[in-house]
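**Student:** Pasting a structure here, questions to come.
The values are calculated or read from the model by the stated rules, or taken from the named source; none is laboratory data. Just so it is clear, the structure is predicted and the values come from calculations on it, not from any experiment. Neighbour counts are summed over all protein chains in view; Cβ atoms, including those assigned to glycine, are modelled from backbone coordinates with ideal geometry. SASA here: full protein model, heavy atoms, side chains in, ligands and nucleic acids out. Shrake-Rupley method; radii C 1.70, N 1.55, O 1.52, S 1.80 Å.
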Amino acid sequence: MGREKRAASAMDAPDRDPSHRQSDGMPQKRFYRARAHSNPLNDCQFPVPVSPVEQDWAEHFPAFFPSDPSVAPLADDAKVRMVDVGCGFGGLLMQLSPLFPKDLMVGMELRDKVSEYVKERILASRKNHPGEFENVSCLRTNAMKYLPNYFEKGQLTKLFFLFPDPHFKAANHRRRIVTRTLLAEYAHFLQVGGTLYTVTDVPELGDWMSEACDNHPLFERLTQEELDVDPCIPLLTTATEEGQKVARNEGVRCMNVFRRISPEGL
Amino acid sequence: MPRRAKTETAKKERNAKQQHNPNFQEEHFVAPFPVLAFHPSESLVALAYGKSVRICNPSTGSLASPTADEDKLQHSETIRTLAFSENGEFLVSAGDDKLVKVWKTADWKCSSTWRSPKKVSSIAFSKDGKWVFFSNKFGEVHAGTCSSAPPPQDAEASSTGASSEPPLGYLLFGHCCSIVTDTKVTSDGKYLISADRDEKIRVSKVPREPEKGAHEIQSYCLGHRSFVSCLAIPSNIGASRLLSAGGDGTVRLWCPEDGTLLDTLALTEGARALTEGDAEDADEDPACSAVVAMATGAGGVVAVLLERSPDVFLMQLESVGDGHRLVLRQRLRCSPILAPCSVTFDLQQRIWVAGLSSVKTAEEDQDTGSESVTLFVASPTGNTGAAEEPLYKPLTTADLSIGDKRVLPMHQVAQSLGACFGSLSTTALELEEEGMTVGGPVPLMGGLTKRKISEAEREKNKANRLDKRMKT
Ligand SMILES: C[S@@+](CC[C@H](N)C(=O)[O-])C[C@H]1O[C@@H](n2cnc3c(N)ncnc32)[C@H](O)[C@@H]1O
């Protein structure tokens, strides 16, 4: 109900006030503070595309979908391959971008202020470093609810869940973002062989996510040898704002990484 | 106490409860409405209204009164959904009391009872008739066996000291933070389809072992622009297909295998075309009504009921090339029903509609009688080809023999069935006194429409947000 046909422009930042920027054009985080939590179970009040074909990625990745036909795109048939779920202030995206320059990646963030910050951050970085950060963007959306509206079956290669909200109370466990029922969706959008990364500083949540994935027939834990050669692993604990905070406080880090598999006879 | 005052108190209490419990809103109140189901191979119609189910043989008018105590076909709260298994062995009923009861059609004895953590919104049988799948208002879909349930969960019962409760179903999957509105199994038995309040239709693979969950999603069918209210499986059109309808007033044809949208019929536009020149009807045309019920019959016929319309809309799946498209064929007034609620086809391809026959308007101060459950039946005209000819005509006393069989006058069947529900009309009134909405337009869809927040309201909310206020 009440949804617009077109998803809002990625770069529609309503209050793009120049005073919110530093001298290098980078947005200042303190102007984008939002309340600590948004309830993911509430009805959304933001536009969502009816289906993936209605999502306009050109607005998010103009260098990959140039409107001028004489300009060559950075890559052909580019698709979003990686998603940082609950990306917060976007630290992971910024470090992931140069590692996979031909893959498109988006952060999904529920809080509008925070997603606005990430969009501004990406725009400023593109300006300051021409040709870079063209493959990252951010969507203000509820990832627990709207993945099917943005992505097709088997489209993704990597899904990141870094320091998700713990929702300690048993009554609120339904709000957790890695659950048995949601894993079926993540498995649907991850291609076979794709990777699901989770990290948290809350041991209880670490156990919860670990158990949910271990018990899911479509996921299999990565071995230590596999983790050792994965270039994303170091970023899990160092790239994001939350990760850095935990590191400063010398908190524990529970990391659990899984591969999408396709067993016979389910 | 005068009725008004009583209603006021009830409202106040409800508001207090609402404030106390933030989840209260999810438990929206909907008045009872009749639900119909037809046995797949015998002349038996099941009708549920309120807390009870009645089964009638329309050829004889006799009520299949369970020889055992009739109270057993009872729920403690309103029944919302009713279905026969494909082999006719079982009837399942479920609804607001969160219980799923599977009845053996041979003797109408209860063969298993399952519990749902939330009110049950829809049910479907597996193709082999061994499992029943049931959805709830938390967006979850559970499974239970038909023949017998595991023993009551004693651990839980003893810890709460209560008498043992029926077991909870096995969790198959969930629609995150939505309400599942309908579930169906495709004709090949491979997929379990579930529709939700958020415009989404999910196609899940029916697992080999439902007790371990349904983890594999086959596809999503996305295209509805409002909630999806009902699903139907067209029979005998070759490939496995799916029909859906909802709050956007459209009926859509899908390929569930890959989620492709094959055709869309905007009912409200089509309905207008059918009444062209009929100024009287054009007036009360459902401008953009939600579809409340849908059923499929032989020959690709699809019957649809719209909210706020006293008519049944008939369309047909017409083959074009190697596919099909939906064509609106006819609009039939279901008089004397004013608010049709449920529709189904019987063995002779007759269309049965159950609804409420006297609908009270909100302005009416006095009790102008309660509404009663009424049936409307239409039979095929035998015309299948010519687009201009009607497909169906209302069944009247003149049409009462089919072959050499004596068929009971429909009003007699309706009376037989309806008489059982005489006392239930009072229940509806009582509910209203408790502050719930009863009467037309039937608030079937009440809980599915989302609260619209205006731009101004949103700005105000934004401005008053805690984090903003702290800054200034
Ligand atoms: C604790 S923060 C972690 C942020 C970031 N990953 C990091 O490591 O710094 C969790 C974030 O997830 C977001 N979030 C929670 N539920 C969400 C949902 N359903 N969809 C999208 N984002 C969500 C929250 O708004 C919050 O910004």
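**Student:** Apply the Karplus curve 6.51 cos²θ - 1.76 cosθ + 1.60, θ = phi - 60°, to the phi angles in the range B:114-125 and return the couplings in whole Hz, x for Gly and Pro.
**Tutor:** Once θ is set to phi - 60°, the couplings for the range B:114-125 become 10, 10, 10, x, 9, 3, 7, 9, 6, 9, 8, 9 Hz.
**Student:** Might you tell me the accessible area per residue for the range A:85-162, computed with a 1.4 Å probe and given in Å²?
**Tutor:** Heavy-atom accessible area per residue stands at 27 Å².
**Student:** If you don't mind, there's one more thing I want to ask. Calculate, in nm to one decimal, what A:F65 and A:Q244 gain on full extension: separation in residues at 0.36 nm each, minus their alpha carbon distance.
**Tutor:** On the way: separation 179, 0.36 × 179 = 64.44 nm, distance 3.41 nm.
Here the segment from A:F65 to A:Q244 would lengthen by 61.0 nm.
**Student:** On to the next question. Efficiency by 1/(1 + (r/R0)^6): what FRET value for B:Q349 and B:K212, r their Cβ-Cβ distance, R0 = 35 Å, to the nearest 0.05?
**Tutor:** On the way: r = 39 Å, r/R0 = 1.13.
Between B:Q349 and B:K212 the formula returns 0.35.
**Student:** So who's got an amide H within less than 5 Å of the one on B:E140, skipping anything under 5 residues away but keeping other chains? H placed 1.01 Å off N, in plane.
**Tutor:** Those lying under 5 Å, H to H, from B:E140 are B:H175, B:V180.
**Student:** Give me the three principal axis extents of the range A:144-238 from the C-alpha atoms, as integers in angstrom, largest value leading.
**Tutor:** 37, 30, 25
**Student:** Now for a different question. Can you sort B:K104, B:K119 by solvent-accessible area, 1.4 Å probe, largest first? Display every interim value, and only then the final one.
**Tutor:** Values: B:K104 75, B:K119 20 Å².
Final ranking, largest accessible area leading: B:K104, B:K119.
**Student:** Measure nothing fancy, just the Cα-based angle from helix A:203-214's long axis to the longest principal axis of chain A, in degrees from 0 to 90, nearest 10.
**Tutor:** On a 0 to 90 degree scale, this one is about 80.
**Student:** What does the extension gain come out to for A:Q22 and A:N215, with contour length at 0.36 nm per residue minus their alpha carbon separation?
**Tutor:** Details: separation 193, 0.36 × 193 = 69.48 nm, distance 4.73 nm.
Using 0.36 nm per residue and subtracting the Cα-Cα distance, I get 64.8 nm.
**Student:** Continuing with the same structure: Among the listed pairs A:K158/B:K205; B:K104/B:K212; A:K169/B:K101; B:K118/B:K393; A:K153/B:K101; A:K145/B:K205, which are separated by more than 30 Å between their Cα atoms?
**Tutor:** Numbers: A:K158/B:K205 24 Å; B:K104/B:K212 26 Å; A:K169/B:K101 33 Å; B:K118/B:K393 41 Å; A:K153/B:K101 36 Å; A:K145/B:K205 20 Å.
Too far apart for the 30 Å limit: A:K169/B:K101; B:K118/B:K393; A:K153/B:K101.
**Student:** Rounding to the nearest 10 and keeping the result within 0 to 90°, find how far the Cα-based axis of helix A:180-189 lies from the longest principal axis of chain A.
**Tutor:** 50 degrees
**Student:** Under the √(5λ) rule applied to the eigenvalues of the Cα gyration tensor, what semi-axes describe the equivalent ellipsoid of the range A:79-266? Give them in Å, descending.
**Tutor:** 24, 19, 17
**Student:** What total accessible area, in Å², is buried where chains A and B meet, using a 1.4 Å probe and rounding to the nearest 100? Please report the intermediate quantities before stating the final value.
**Tutor:** Details: alone 13500 and 22170 Å², together 32300 Å².
Summing both sides, the interface buries roughly 3400 Å².
**Student:** Note every residue of the range B:208-253 with a reduction of at least 40 square angstrom in accessible area, all protein chains present versus the isolated chain, computed with a 1.4 Å probe, or write none.
**Tutor:** SASA drop of 40 Å² or more in the range B:208-253: B:R208, B:H215, B:E216, B:I217, B:Y220, B:L222, B:R225.
**Student:** Hey, another quick one. In nm, what is the difference between 0.36 nm times the number of residues separating A:L227 and A:A75 and their Cα-Cα distance? All intermediate terms of the calculation are to be shown ahead of the outcome.
**Tutor:** Values: separation 152, 0.36 × 152 = 54.72 nm, distance 2.84 nm.
Value of the extension gain: 51.9 nm.
**Student:** For the range B:322-331, in order, what is each residue's ³J(HN,Hα) by Karplus, 6.51 cos²θ - 1.76 cosθ + 1.60 with θ = phi - 60°, in whole Hz (x at glycine and Pro)?
**Tutor:** 9, x, 9, 9, 8, 10, 7, 10, 7, 10
**Student:** Still on this structure, please answer the following. From the phi angles alone, apply the Karplus equation (6.51, -1.76, 1.60; θ = phi - 60°) to the range A:92-104 and give each ³J(HN,Hα) in whole Hz, x where the residue is Gly or Pro.
**Tutor:** Rounded to whole hertz, the list is 5, 4, 5, 8, 6, 3, x, 6, 10, x, 8, 9, 7.
**Student:** A follow-up question, please. For the range A:136-198, state which trypsin sites (Lys or Arg not before Pro) are in a DSSP loop and have at most 14 other beta carbons lying within 10 Å of their beta carbon.
**Tutor:** Qualifying residues, ordered by number: A:K169.
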